[in-house]
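The values are calculated or read from the model by the stated rules, or taken from the named source; none is laboratory data. Keep in mind it's a predicted model, so treat the numbers as computed, not measured. Every residue, glycine as well, gets a Cβ built from its backbone with ideal geometry; the counts of neighbours run over all protein chains shown.
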């Protein structure tokens, strides 16, 4: 059976999803600030089909898909409807990772920030579908901005058991106090799975937050170092790093793991310093994949967010 692929192509002039017999190509109107602009989400045998507006690749053990939906504001209704469909089509699978691109994320509609409206709709859908204890189902996820009237969701799920991971120095996002919106964000800090005897760690979008507060806001470099510390804490809880300094940024060893990073930068002017410091901080090698993108972050005071996929070689 021929290999089917789901890939994301950033830096495009239009946000759209194109499905063919052997591939799903998701084009995103998000500017690229580095050389890499392509993210491969799935590459496997299986069938490609459509359901609830999602374009999907399914095999016996794996499900991946993407959705682009033109929306009206406020976002709560669209987020609720999209997530109810999403949870229905993945109800027999374990969620590994979800990516959300939220239209004009920091703008307000009816006195509520679009991100908070999105979070409300998403949380209400999880609660309606899974009941009041839905937090145990929440996988790694991210939600960053896209300057387009299209809500984008793509995901990976499977039959393998998923272990959802938290950060001991952060309040779980789903337990944030009410100051961050009528409903807390619905995601875990990370998710760990094992496929064919190899561990895969999905790190959620991670930023300069300790407990539940934004910190080290002096400049983008300080935010990056705090973000790296948070990443290291989650990787440590995943068992992917075994030594940590008191305020360390130790990453999984590139000799043992394939490493994929996405770095979202709010201000294009910060791209130069981030592209210089980030590879140094993670001891990057030529085998690492790093995509730098110009995107607004879920909190307006934050200037950088980083996510990762770590795969045991």
Working carefully through the options 44, 35, 55, find the one that is without any contact (Cβ under 8 Å) to a residue 24 or more places away in the chain, closer than 25 Å to residue 262 by Cα and touching a strand residue (DSSP E or B) at 6+ places or on another chain (Cβ under 9 Å). 35
Can you tell me which condition residue 203 does not meet? The list is (1) surrounded by 20 or more Cβ atoms within 10 Å (Cβ to Cβ); (2) over 19 Å from the mean Cα position of the chain (by Cα); (3) in contact (Cβ under 8 Å) with a residue 60 or more places away in the chain, and all the others hold. (2)
For segment 28-45, enumerate the residues that are part of a loop (DSSP other than H, G, I, E, B) and modelled with pLDDT of 95 or more. 28, 29, 30, 31, 33, 37
Which residues, counting only those in segment 1-18, are surrounded by fewer than 20 Cβ atoms within 10 Å (Cβ to Cβ), at pLDDT 95 or above and on the phi < 0 side of the Ramachandran plot? 5, 7, 9, 12, 13, 14, 16, 18
Being within 17 Å of residue 306 (Cα to Cα), buried (at least 18 other Cβ atoms within 10 Å of the Cβ) and touching a helix residue (DSSP H, G or I) at 6+ places or on another chain (Cβ under 6 Å) is the requirement here; does residue 122 meet it? no
Tell me whether segment 266-289 contains one or more residues that are touching a residue at least 40 places away in the same chain (Cβ under 8 Å), assigned to a strand (DSSP E or B) and closer than 25 Å to residue 115 by Cβ. no
Residue 155 fails exactly one of (1) surrounded by fewer than 21 Cβ atoms within 10 Å (Cβ to Cβ); (2) out of contact with any helix residue (DSSP H, G or I) (no Cβ under 6 Å at 6 or more places or on another chain); (3) not in a loop (DSSP other than H, G, I, E, B), namely (1)
Residues satisfying the stated conditions in segment 58-73, i.e. in contact with a strand residue (DSSP E or B) (Cβ under 7 Å, 6 or more places away or on another chain) and part of a loop (DSSP other than H, G, I, E, B): 59, 61, 71, 73
Within segment 42-55, can you find the residues that are surrounded by 15 or more Cβ atoms within 10 Å (Cβ to Cβ) and more than 12 Å from residue 153 (Cβ to Cβ)? 42, 44, 46, 48
With 75, 95 as the choices, which residue is in contact with a helix residue (DSSP H, G or I) (Cβ under 6 Å, 6 or more places away or on another chain) and in contact (Cβ under 8 Å) with a residue 60 or more places away in the chain? 75
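Any idea which of 178, 183 is farther than 25 Å from residue 18 by Cα and touching a residue at least 24 places away in the same chain (Cβ under 8 Å)?
Residue meeting the stated conditions: 183.
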Of all residues in segment 106-150, which are more than 22 Å from residue 206 (Cβ to Cβ), in a strand (DSSP E or B) and within 19 Å of the chain's Cα centre (by Cα)? 150
Being farther than 26 Å from residue 60 by Cα and touching a strand residue (DSSP E or B) at 6+ places or on another chain (Cβ under 6 Å) is the filter here, so list the residues in segment 116-141 that pass it. 118
Can you tell which of 175, 137 is modelled with pLDDT of 95 or more and touching a helix residue (DSSP H, G or I) at 6+ places or on another chain (Cβ under 7 Å)? 137
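Here's the yes/no breakdown for (1) buried (at least 19 other Cβ atoms within 10 Å of the Cβ); (2) more than 16 Å from residue 309 (Cβ to Cβ):
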site	(1), (2)
220	yes, yes
229	yes, yes
254	no, no
272	no, yes
